[in-house]
1. Given the condition surrounded by 14 or more Cβ atoms within 10 Å (Cβ to Cβ), of a type in the set (Phe, Trp, Tyr) and touching a Lys or Arg at 6+ places or on another chain (Cβ under 7 Å), answer yes or no: does some residue in the stretch 13-20 qualify?
2. Could you tell me which of the residues 124, 113 is not basic (Lys, Arg) and not in a loop (DSSP other than H, G, I, E, B)?
3. Residues 113, 162, 124: which one is under 13 Å from the mean Cα position of the chain (by Cα) and either surrounded by fewer than 18 Cβ atoms within 10 Å (Cβ to Cβ) or in contact (Cβ under 8 Å) with a residue 60 or more places away in the chain (or both)?
4. Considering each residue of the stretch 34-55, count those that are in contact with a Phe, Trp or Tyr (Cβ under 9 Å, 6 or more places away or on another chain) and open to solvent by 10 Å² or more (accessible area, probe 1.4 Å), and give that number.
5. Can you go through 100, 149, 137 and tell me which one is of a type in the set (A, V, I, L, M, F, W, C), over 17 Å from residue 205 (Cβ atoms) and in a helix (DSSP H, G or I)?
6. State which residue pairs qualify: first residue open to solvent by less than 40 Å² (accessible area, probe 1.4 Å) and inside the stretch 202-219, second residue among the aromatic types (Phe, Trp, Tyr) and modelled with pLDDT under 95 in any location, beta carbons under 9 Å apart, and separation of 6 or more residues or different chains.
7. Residue 29: open to solvent by 50 Å² or more (accessible area, probe 1.4 Å) and within 16 Å of the chain's Cα centre (by Cα), yes or no?
8. For the stretch 131-150, what are the residues that are under 26 Å from residue 170 (Cα atoms), free of Cβ contacts under 8 Å to residues at least 40 places away in the same chain and either in contact with an Asp or Glu (Cβ under 6 Å, 6 or more places away or on another chain) or among the hydrophobic types (A, V, I, L, M, F, W, C) (or both)?
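The values are calculated or read from the model by the stated rules, or taken from the named source; none is laboratory data. Not measured: the values here are computed from a predicted model. Backbone-built Cβ (ideal geometry, glycine too); neighbour counts: all protein chains shown. Each accessible area value is taken on the protein alone, full model and side chains, heavy atoms only, with ligands, DNA and RNA left out. Shrake-Rupley method; radii C 1.70, N 1.55, O 1.52, S 1.80 Å.
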Amino acid sequence: MPDDSLRQSDSGQGRDAYERLITEIRTGVLRPGDRLTETEIAARLGISRTPVREAIRALEADGLVDHQPRAGARIRKLDYAEVTELYEMRVVLEGTAARFAARAAYDSELAELEEITDEMAAALDDPERLYHANRHFHSVLLNAARNRFLIRSVDAVQKTLLILGRSTMEEADRAQSAVAEHRAILAALRAHDGDAAEAAMRVHIEAAHRARLRQLRQRAAEEDQ
């Protein structure tokens, strides 16, 4: 039988490989349609093929990778209709989360949301810092909604959106607009106004959707050149 410590080591390396590949997908290093070759990834990460295979299977389970005949594992491609459907789900789910958070958020969570928004305002020229702060804002708000099933649904949508690559915060003026949209959401949460919180979140997600479509059109134009 395999040594337990070896199995644990492989499993840990598999998780590490998974996180590395997730980061490469999110930052656009790996793009939709790119092939995932076990030998190449293993050599690049300095690990064996077994944890790489484990990581690719996890990405496939997440819906980020699919297998194509004679092509093997590739990063999944999303068409414009699928992108729109994902953002429509974000509007519904995160709008509901904002409504729930308006009634259930603790004062400490509201204070944390304000701190995160201030951090975003101070990092307008740092896309990576903005990305993490924005994700943190949405995570804190989602937890404040106090609904575990809603959290799982949003997480599934967010994971699929990773396929789209780099954050829309890199678009000119988008980060500044997002900060203003966050402040509007926060104001509604502080007022415990569920209707206003949901409406503000809808405005925020719809603006992100428009920015994403512009980003995808620009990318397509660059690839056609």
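1. no
2. 113
3. Working: 113 fails: under 13 Å from the mean Cα position of the chain (by Cα); 124 fails: under 13 Å from the mean Cα position of the chain (by Cα).
It is 162.
4. As a first pass, look at the stretch 34-55 and keep what is in contact with a Phe, Trp or Tyr (Cβ under 9 Å, 6 or more places away or on another chain): 51, 54-55.
Next cut, open to solvent by 10 Å² or more (accessible area, probe 1.4 Å) only: 54.
Residues in the stretch 34-55 being in contact with a Phe, Trp or Tyr (Cβ under 9 Å, 6 or more places away or on another chain) and open to solvent by 10 Å² or more (accessible area, probe 1.4 Å): 1 in total.
5. Details: 100 fails: over 17 Å from residue 205 (Cβ atoms); 137 fails: over 17 Å from residue 205 (Cβ atoms).
Residue meeting the stated conditions: 149.
6. 213/80; 216/80
7. Working: open to solvent by 50 Å² or more (accessible area, probe 1.4 Å): yes; within 16 Å of the chain's Cα centre (by Cα): yes.
So residue 29 fits the description; yes.
8. Listed by number, the residues that qualify are 133, 140.
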